[in-house]
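For reference, the structure is listed below as structure tokens.
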Amino acid sequence: MANNVTGLTRIINAAGYSWKGIRAAWQNEAAFRQEAVAGIVAVIVACWLDVDAVTRVLLIGSVMLVIIVEILNSALEAVVDRIGSEMHPLSGRAKDMGSAAVLLTILLAVFVWVMLLIP
């Protein structure tokens, strides 16, 4: 990537890199595929529900946050794997923490949906 790329070209390049990252997550990460499909279903349900705009944004936002954190976790795992394949306590800790972040985000999304949809 050239350092002198600015303006619209930089934005277009960044969008291309982002799309490449989403494709890599889809192709290489089963957890991402599962969460993405569940997320699409959840977004459709959130759009179908008779709720106000703020509730809809919170429902969709909580699900999108799960997908975002899963992508970050997958990136972290890829970096750890790139550094080395040998077992190391710090590598295990990093991967476990990334997994914990995904779990906490899923629990948050479930909490948001339950609190907003159960009277």
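The values are calculated or read from the model by the stated rules, or taken from the named source; none is laboratory data. In this text, all values refer to a predicted model and were calculated from it rather than measured experimentally. No Cβ is skipped: glycine too gets one built from the backbone with ideal geometry, and neighbour counts run over all protein chains shown. Keep in mind that these areas ignore ligands, DNA and RNA; they rest on the heavy atoms of the full protein, side chains included. Shrake-Rupley method; radii C 1.70, N 1.55, O 1.52, S 1.80 Å.
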(request) Note the listed values (i) 40, 39, 20; (ii) 50, 43, 21; (iii) 59, 32, 18, then indicate which one is Cα extents along the principal axes in Å calculated from this particular structure. (result) (ii)
(message) So with the 1.4 Å probe, I'd like the accessible area per residue for the chain, rounded to whole Å².
(response) 72 Å²
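With +1 assigned to the C-beta of every Lys and Arg and -1 to the C-beta of every Asp and Glu, and no other charges, what is the dipole magnitude of the chain about the Cα centre in debye, to the nearest 20? Walk me through the numbers before you get to the answer.
On the way: 8 positive and 9 negative charges, 69 e Å.
For this selection, approximately 340 debye.
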(message) Just to confirm the number: angle between the C-alpha axis of helix 89-117 and the first principal axis of the chain, 0 to 90 degrees, nearest 10?
(response) 20 degrees
(message) Tell me the carbon and sulfur percent of the accessible area for the range 23-92, rounded to whole percent, probe radius 1.4 Å.
(response) 70 percent
(request) Work out the charge dipole of the chain with +1 on the Cβ of Lys and Arg and -1 on the Cβ of Asp and Glu about the Cα centre, then indicate which of Gly7, Val63, Ile118 is farthest towards its positive end. (result) Gly7
(message) Per-residue counts of other Cβ atoms within 10 Å, averaged by peptide: what ranking do you get for 16-25, 85-94, highest first?
(response) 16-25, 85-94
(message) Given Cβ point charges of +1 (Lys, Arg) and -1 (Asp, Glu) and nothing else, what value in debye, to the nearest 20, does the dipole of the range 57-97 about its Cα centre take?
(response) 80 debye
(request) For helix 30-48, report the angle its Cα long axis makes with the longest principal axis of the Cα atoms of the chain; keep it between 0 and 90° and round to the nearest 10°. (result) 30 degrees
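Roughly speaking, what is the stretch gain from Ala53 to Ile40, that is 0.36 nm per residue apart minus the C-alpha to C-alpha distance, in nm to one decimal? Display every interim value, and only then the final one.
Numbers: separation 13, 0.36 × 13 = 4.68 nm, distance 1.81 nm.
The span from Ala53 to Ile40 would gain 2.9 nm if fully extended.
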